[in-house]
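Contents: one structure, followed by commentary.
The values are calculated or read from the model by the stated rules, or taken from the named source; none is laboratory data. Because the structure is predicted, anything quoted here is derived from the model rather than measured. FYI the Cβ positions are ideal-geometry reconstructions off the backbone, even for glycines, and counts take in every protein chain you see.
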Amino acid sequence: MSSFARQVSRFVVVLLIGTLLSNNFAYAAPKPLTAAETKLKLEKLGINHFVRVLEGNGIDVHGRILAVNDQSFQMQLWNQPQPTEIPYDQVTEVYNLGWTKGKTAFLLVGIGAVVGMGVYGFVHVHNLQNQPLQTPTLP
């Protein structure tokens, strides 16, 4: 290996390592939600919708929305029969855990692709079985 090729390969390795290390610093922390934004987001999702809520004190709760009030909302957490009251000003982020339009569309496209491939395979095998055998011709 010539010295030029060795230098180029070292440069490529350093470039790749630098690229991989710099990706960790490119992501910014999400901006915490205000109380009004939190209330609007929960109202938009609606009652009986499953959400994940991150609070400012580091608590991460998962559950179902029971009520959206003026200053707080109620959630039924997993495996807890009594509702939990959470003030809007303590919430930093709300994640949708239910079925969105994108998830539904992806599921329907996947089911359609599987059914389409199955029908194509069935028709293809059916046509192959119903063709008469032909003797090969020699060149």
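Residues in the stretch 56-87 that are of a type outside the set (S, T, N, Q) and part of a loop (DSSP other than H, G, I, E, B): G56, G58, I59, D70, W78, P81, P83. Just checking, does the stretch 69-91 include any residue being of a type in the set (D, E) and under 21 Å from the mean Cα position of the chain (by Cα)? Looking for residues that are of a type in the set (D, E) and under 21 Å from the mean Cα position of the chain (by Cα), one finds none in the stretch 69-91, hence no. Of all residues in the stretch 32-48 being closer than 12 Å to V94 by Cα and either of a type outside the set (D, E, K, R) or not in a helix (DSSP H, G or I) (or both), which is modelled with the lowest pLDDT? The qualifying residue modelled with the lowest pLDDT is P32. Checked against the criterion of being under 18 Å from R52 (Cβ atoms), β-branched (V, I, T) and free of Cβ contacts under 8 Å to residues at least 12 places away in the same chain, the candidates T100, T104, T84 yield just one match: T100. Report yes if N79 is loosely packed, with under 13 Cβ neighbours inside 10 Å and touching a residue at least 12 places away in the same chain (Cβ under 8 Å), otherwise no. No; evaluated as a whole, the condition is false for this residue. Among the residues making up the stretch 93-108, those that are part of a helix (DSSP H, G or I) and surrounded by 10 or more Cβ atoms within 10 Å (Cβ to Cβ) are K103, T104, A105, F106, L107, L108. For the stretch 121-131, the count of residues that are aromatic (F, W, Y) and touching a His at 6+ places or on another chain (Cβ under 8 Å) is zero.
Here is a yes/no grid of residues against (1) farther than 20 Å from L33 by Cα; (2) aromatic (F, W, Y):
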{"site": "F50", "(1), (2)": "no, yes"}
{"site": "Q71", "(1), (2)": "no, no"}
{"site": "M75", "(1), (2)": "no, no"}
{"site": "N79", "(1), (2)": "yes, no"}
{"site": "Y88", "(1), (2)": "no, yes"}
{"site": "E93", "(1), (2)": "no, no"}
{"site": "A113", "(1), (2)": "yes, no"}
{"site": "L133", "(1), (2)": "yes, no"}
{"site": "P136", "(1), (2)": "yes, no"}
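Among the residues of the stretch 40-69, which ones are without any contact (Cβ under 8 Å) to a residue 24 or more places away in the chain and either of a type in the set (D, E) or touching a helix residue (DSSP H, G or I) at 6+ places or on another chain (Cβ under 8 Å) (or both)? Listed by number, the residues that qualify are D60, I65.
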